[in-house]
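Asker: Got a structure for you, questions after.
Just so it is clear, none of the values below were taken in a lab; they were calculated from the coordinates. Predicted model only: the values in this text are computed from it and were never measured. Note that each Cβ is placed from the backbone with ideal geometry, even for glycine, and that neighbours are counted across all protein chains shown.
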Amino acid sequence: MFKKVLIANRGEIALRIIRACKELGIGTVAVYSEADRDSLHVRFADEEVCIGRGPASESYLHMQRILAAAEITNADAIHPGYGFLAENAEFSEICAHNGFVFIGPTVDNIRKMGDKASARSLMIGHGIPVIPGTESILDSEKQALAMAAGIGYPVMIKASAGGGGKGMRVVHDEKDLPRAFAVASSEAASAFGNPGLYLEKYLIRPRHVEFQVLGDRFGNVVHLGERDCSVQRRHQKLIEESPCPAMTPALRRKMGECAVEVARLIEYVGAGTVEFLLDKDMNFYFMEMNTRIQVEHPVTEMVTGLDLVKEQVAVSGGERFSFDAGKVKFNGHAIECRINAEDPRHDFRPCPGVITSFHPPGGPGIRVDTHIYASYVVPPFYDSLLAKLIAHGRDRSEAIARLRRSLDEFIIIGVPTTIDFHRTIIDDPRFISGDLDIQFLEKRS
Ligand code: ADP
């Protein structure tokens, strides 16, 4: 097992990883930007190294500085968290060349799954159901028009290197395609350095259902149930829960087996997520595999009682799962709300600033993962996630009741947040009945 892990990230996930390492008896190194000097991940790590100025390109995305920090502190592994360098093939490769274990996907895993168009064609080749669409990158607008005519509108144009909902456009009519193609392509080029696009049928009101998978170095792969992440805004998740309210034991078996097969296809080691869309007729389609720990992993932890980050670190260190894969028990229901420093009254504009007052909720079944505290300054450089509020109950209605009262207890003053917005969503009769789909929020407003 590792002696020391460097955490190449910030915010709540850096703190989450530090906690897991501490429980495993592993030393921790935090790296931080000048803007994060007073952040809790810096305070709670055993060692810390400043790696540059606030902008991510000068710190959390700066590979050479992160490697230098790992070298001078004698770390033996690097955990990238999510975002930043978590799915960067070059970084994974450089870590390996420099003798650091990358607690994340191999170069081969990233090449196979990071490019969504090639992931799709790999799945098609192995009979995994995918959304009807193109098998490779579109080479021109003309080709896109021809493919879309074959598939039938509406279609979705997607960036092959995409993530975070960027480089994605829904097209309802042929006449709108040229413009959508151009915009998506330039958005993809500037966000990912890769303008490649592909095209899929746009599914009407499906659910987003994803399966947590875990693989070890001995060829064992398990799934740890599903998460329903249908409550989204602009294709970004806001609320996630486990189990999916529409799931049946038979469908879980089928989708779970499919997710495990996907992970096996690339001999996956570590924590990963296989994402599907599930339509009204309960047909499911592979969408993509995320080869990292995800923001929403706590809901799976709450219902399984497992610590996914500890498992992830341990399997990267060559250990077996700490639990009996055949005997995972799923207990109750968990729901997570992402609390962001955003102003819902102004189109969810990010709002950096000073947190003047902070009181997290508590009591039975409540977990809060956060890096903020009273007097913390939310920097302008990074994503706006302030905290994850996770409520667990014996069933969905108890989880909702706990979420409701804990949102009422949650006090963050100084910057606008999405707390009140979440409070109204969870009182929506459609949310309460579990009748969700990815257009749920759009249809409300
Ligand atoms: P990203 O990697 O940018 O998050 P995904 O491929 O995971 O992109 O898609 C994000 C979201 O976009 C999905 O959860 C879903 O809401 C929506 N989406 C993606 N593909 C389709 C599709 N073919 N039809 C309808 N919605 C889609």
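Asker: Which of rounded, prolate, oblate describes the chain, given a ≥ b ≥ c as roots of the alpha-carbon gyration tensor eigenvalues and a/c under 1.5 marking rounded, otherwise prolate only if a/b is larger than b/c?
Answerer: Numbers: a/c = 1.30, a/b = 1.16, b/c = 1.11.
The shape class here is rounded.
Asker: Please give the charge dipole size of the stretch 300-445, origin at the Cα centre, charges +1 on K and R Cβ atoms and -1 on D and E Cβ atoms. Round to the nearest 20 debye.
Answerer: Details: 18 positive and 21 negative charges, 50 e Å.
Dipole size: approximately 240 debye.
Asker: Please list, by residue number, everything in the stretch 317-340 whose backbone N is under 19 Å from a paramagnetic label point 7 Å out along Cα→Cβ of ALA96.
Answerer: Correct set: 317-319.
Asker: Can you sort ILE390, ILE17 from fewest to most other Cβ atoms within 10 Å of each residue's own Cβ?
Answerer: Working: ILE390 25, ILE17 28.
Result, fewest neighbours first: ILE390, ILE17.
Asker: So which trypsin sites (Lys or Arg not before Pro) in the stretch 236-342 are both in a DSSP loop and have at most 10 other Cβ atoms within 10 Å of their Cβ? Don't jump to the answer; show the numbers that get you there.
Answerer: Values: sites: LYS237, ARG252, ARG253, LYS254, ARG264, LYS280, ARG292, LYS310, ARG320, LYS327, LYS329, ARG338; in loops: LYS280, ARG292, ARG320, LYS329.
Passing sites in the stretch 236-342 are LYS329.
Asker: Using +1 on the beta carbon of Lys and Arg, -1 on that of Asp and Glu, and nothing else charged, what's the dipole of the stretch 132-201 about the Cα centre, debye to 20? The partial results should precede the final answer.
Answerer: Working: 7 positive and 8 negative charges, 27 e Å.
Once rounded to the nearest 20, the dipole reads 140 debye.
Asker: Oh, and also: Answer with one residue from ALA77, GLY52, GLY11: the one whose Cα lies farthest towards the positive end of the charge dipole of the stretch 4-103, charges on Cβ with Lys, Arg +1 and Asp, Glu -1.
Answerer: GLY11
Asker: Rounded to the nearest 20 debye, what is the charge dipole size of the chain about its Cα centre when +1 sits on each Lys and Arg Cβ and -1 on each Asp and Glu Cβ? Intermediate results must be reported in sequence, preceding the final value.
Answerer: Values: 52 positive and 59 negative charges, 107 e Å.
Dipole of the chain, to the nearest 20 debye: 520 debye.
Asker: DSSP loop (so not H, G, I, E, B), at most 11 other Cβ within 10 Å: list which trypsin sites (Lys or Arg not before Pro) in the stretch 339-442 pass both filters. Display every interim value, and only then the final one.
Answerer: Values: sites: ARG345, ARG367, LYS388, ARG394, ARG396, ARG402, ARG404, ARG405, ARG423, ARG430; in loops: ARG394.
When the trypsin sites (Lys or Arg not before Pro) of the stretch 339-442 are filtered for loop state and at most 11 Cβ neighbours within 10 Å, ARG394 remain.
Asker: Explain nothing, just the number: relative contact order of the chain, from Cα pairs under 8 Å at least 6 residues apart, as a whole percent.
Answerer: On the way: 980 pairs, mean separation 61.9, N = 445.
Result for the chain is 14 percent.
Asker: From the cross-link list LYS112/LYS175; LYS237/LYS280; LYS254/LYS310; LYS158/LYS280; LYS3/LYS327; LYS166/LYS237, which pairs have alpha carbons spaced over 24 Å apart? Mind dumping the intermediate values first?
Answerer: On the way: LYS112/LYS175 34 Å; LYS237/LYS280 20 Å; LYS254/LYS310 27 Å; LYS158/LYS280 22 Å; LYS3/LYS327 30 Å; LYS166/LYS237 13 Å.
Checking Cα-Cα distances, LYS112/LYS175; LYS254/LYS310; LYS3/LYS327 exceed 24 Å.
Asker: OK, next. Quick check for you: which residues of the stretch 175-206 have the amide N under 20 Å from the point 7 Å beyond the Cα of ALA146 toward its beta carbon?
Answerer: 175-182, 196-201
Asker: If R₀ is 51 angstrom, what is the calculated FRET efficiency for the pair ASP420 and PHE218, using the beta carbon separation as r and rounding to 0.05? Walk me through the intermediate numbers first.
Answerer: Numbers: r = 48 Å, r/R0 = 0.94.
In this case the efficiency is close to 0.60.
Asker: Report the label-to-label distance for ALA250 and ASP279 in nanometres (one decimal), using points 7 Å from each Cα along the Cα→Cβ vector.
Answerer: The modelled label-to-label distance comes out at 1.9 nm.
Asker: Among PRO380, PHE410, MET289, flag the residue with its Cα farthest along the positive direction of the charge dipole of the chain, charges on Cβ as +1 for Lys/Arg and -1 for Asp/Glu.
Answerer: PHE410
Asker: Apply the a/c threshold of 1.5 to the C-alpha gyration tensor of the stretch 307-351 and tell me whether it is rounded, prolate or oblate.
Answerer: Values: a/c = 7.05, a/b = 2.19, b/c = 3.21.
Because a/c hits 1.5 or more and a/b fails to exceed b/c, the stretch 307-351 counts as oblate.
Asker: Still on this structure, please answer the following. By counting other Cβ atoms within 10 Å of each Cβ, how are SER433, SER118 ranked from fewest to most? It would help to have the intermediate numbers written out before the result.
Answerer: Numbers: SER433 10, SER118 18.
Ordered by Cβ neighbours within 10 Å, fewest first: SER433, SER118.
Asker: Rounded, prolate or oblate for the stretch 216-258? Axes are the square roots of the Cα gyration tensor eigenvalues, ordered a ≥ b ≥ c, and the cut-off for rounded is a/c under 1.5. List each step's numbers first, then the result.
Answerer: Values: a/c = 3.07, a/b = 1.58, b/c = 1.95.
Verdict is oblate for the stretch 216-258.
Asker: How about the stretch 81-169: which GluC sites (Glu not before Pro) there are in a DSSP loop, with at most 16 other Cβ atoms within 10 Å of their Cβ? Walk me through the numbers before you get to the answer.
Answerer: On the way: sites: GLU87, GLU90, GLU93, GLU135, GLU141; in loops: GLU87, GLU135.
In loop regions of the stretch 81-169 (DSSP not H, G, I, E or B), the sparsely surrounded GluC sites (Glu not before Pro) are GLU135.
Asker: State the extension gain, in nm to one decimal, for the chain segment bounded by SER322 and ARG405, taking 0.36 nm per residue of separation less the distance between their alpha-carbons. Write down the numbers at each step before the final one.
Answerer: Working: separation 83, 0.36 × 83 = 29.88 nm, distance 3.44 nm.
Between SER322 and ARG405, full extension yields an extra 26.4 nm.
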